[in-house]
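See structure below.
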Amino acid sequence: MHHRVHRHTHEHAHDIDWDALCSHLEREAELHTPALTQAVNWLRDLLGGADVRRALDVGSGPGVVASLFADAFPDAEVVAVDQSPALLEHARTRSSGRIATQRAKLPDEFDRLGTADLIWSANAVHHLGDQQAALTTLAASLRPGGLLAVAESGLPVRFLPRDIGLGSPGLQARLDAGNEDGFTTMRAELPGSVDEVEDWPAMLAQAGLVPTGTRTFLTDLSAPLGLPAREYLRTRLARQRDQFGEHLDDQDRAALDALLAADAPTGILWRPDAFYLTATTVHTARACTA
């Protein structure tokens, strides 16, 4: 919602060409904008009347969430933080200069972020080898009473019926299993990878913060989908075909190819039964006041 709202892939984070993915990431974030707006409003309520002078979006991608922060906290300095210059330039452009940008390699340059009253990170921490160390470092950047919000471990996207009339029923479940296997491999092969029970509120507490609640925000687009959602799903399916298509059987690969067909009624661009349903889960915690 990474995030970049969602960067799940079994590629290593340092191997992904985030610049080339800019349009895909932006389209994904825009699909989730109503849910993300609800999340930002919730964070504003959690902060109450606190004076938010500086807000960071760490792993900002094309800057969709940073722009929402600029709307919600008009008197704050909002900073989009990412390692990709192209994504940061896009964030600056789409916000019409309302947000600042800061290039930082994560997690090596966390210490360059400066302090903030609000820090948001969506689907970025799981691309870092030591997730607990990353949260602890982010927590150290909070000003007294500041809030850290981490969007992780939401529900995967659902967009097809169980039986789509192509191959065996349950294709989406098998694609999800491929994603999970790839994600596990990605985590294991990250530099400095540390196994962690991904209990995010407990991890935030271990970072020295006081958990302040977890909420889940739904994105529910019913069939028939509009073209932007269909184009996003086609790109998503194409990436899955490239990433782990060789691990699928011939029948599932044929079904994927039929879904990717740009000019056939079986294609995701045309199917009347395609929908879009996912959930973004946000975990929050506050720094102790001085």
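The values are calculated or read from the model by the stated rules, or taken from the named source; none is laboratory data. As the structure is a computational prediction, the values presented were derived from the model and not from experiment. All Cβ positions, even for glycine, are placed from backbone atoms using ideal geometry, and neighbour counts span all protein chains on display. Just the protein is used for accessible areas: all its heavy atoms, side chains included, with ligands, DNA and RNA removed. Shrake-Rupley method; radii C 1.70, N 1.55, O 1.52, S 1.80 Å.
Placing +1 on each Lys and Arg Cβ and -1 on each Asp and Glu Cβ, with no other charges, gives the chain a dipole about its Cα centre of roughly 840 debye.
Residues in region 136-220 average 48 Å² of solvent-accessible surface per residue, probe 1.4 Å, ligands and nucleic acids excluded.
Could you check what % of the DSSP bridge pairs in the chain are antiparallel, to the nearest 5?
Numbers: 18 of 36 bridges.
Of those bridges, close to 50 percent are antiparallel.
With θ taken as phi - 60° and the Karplus curve 6.51 cos²θ - 1.76 cosθ + 1.60 applied, the whole-hertz 3J(HN,Hα) list for region 250-260 is 4, 5, 5, 5, 5, 5, 4, 4, 5, 5, 7 Hz, x standing for glycine and proline. 3J(HN,Hα) along region 167-179: x, 7, x, x, 4, 5, 4, 6, 5, 4, 5, x, 4 Hz, from the Karplus curve 6.51 cos²θ - 1.76 cosθ + 1.60 with θ = phi - 60°, whole Hz, x for Gly and Pro. On the beta carbon distance between residue 98 and residue 261, with R0 = 45 Å, the FRET formula returns roughly 0.65. Between amide H atoms placed 1.01 Å from N, distances below 5 Å from residue 283 occur with 150, 151, 152, all of them 5 or more places distant or on a separate chain.
Under 11 Å from a label point set 7 Å out along the Cα-to-Cβ vector of residue 158, the amide N atoms of region 238-279 belong to 276-279. Taking each DSSP H run with n ≥ 4 as -39500 (n - 2.57) and averaging over every residue of the chain yields -11500 deg cm²/dmol at 222 nm. Annotation: amide H-H contacts under 5 Å for residue 54 (H modelled 1.01 Å from N, sequence separation of 5 or more, or interchain): 77, 117, 118. Phi angles across region 200-213 convert, under the Karplus curve 6.51 cos²θ - 1.76 cosθ + 1.60 with θ = phi - 60°, into 3J(HN,Hα) values of 5, x, 5, 5, 5, 5, 4, 6, x, 9, 9, x, 10, x Hz, Gly and Pro given as x.
Give me the percent of the accessible area of region 30-118 that comes from carbon and sulfur atoms, probe 1.4 Å, all protein chains in place. Of all accessible area on region 30-118, carbon and sulfur atoms account for 46 percent.
Share of carbon and sulfur in the accessible area of region 196-248 stands at 51%, probe radius 1.4 Å.
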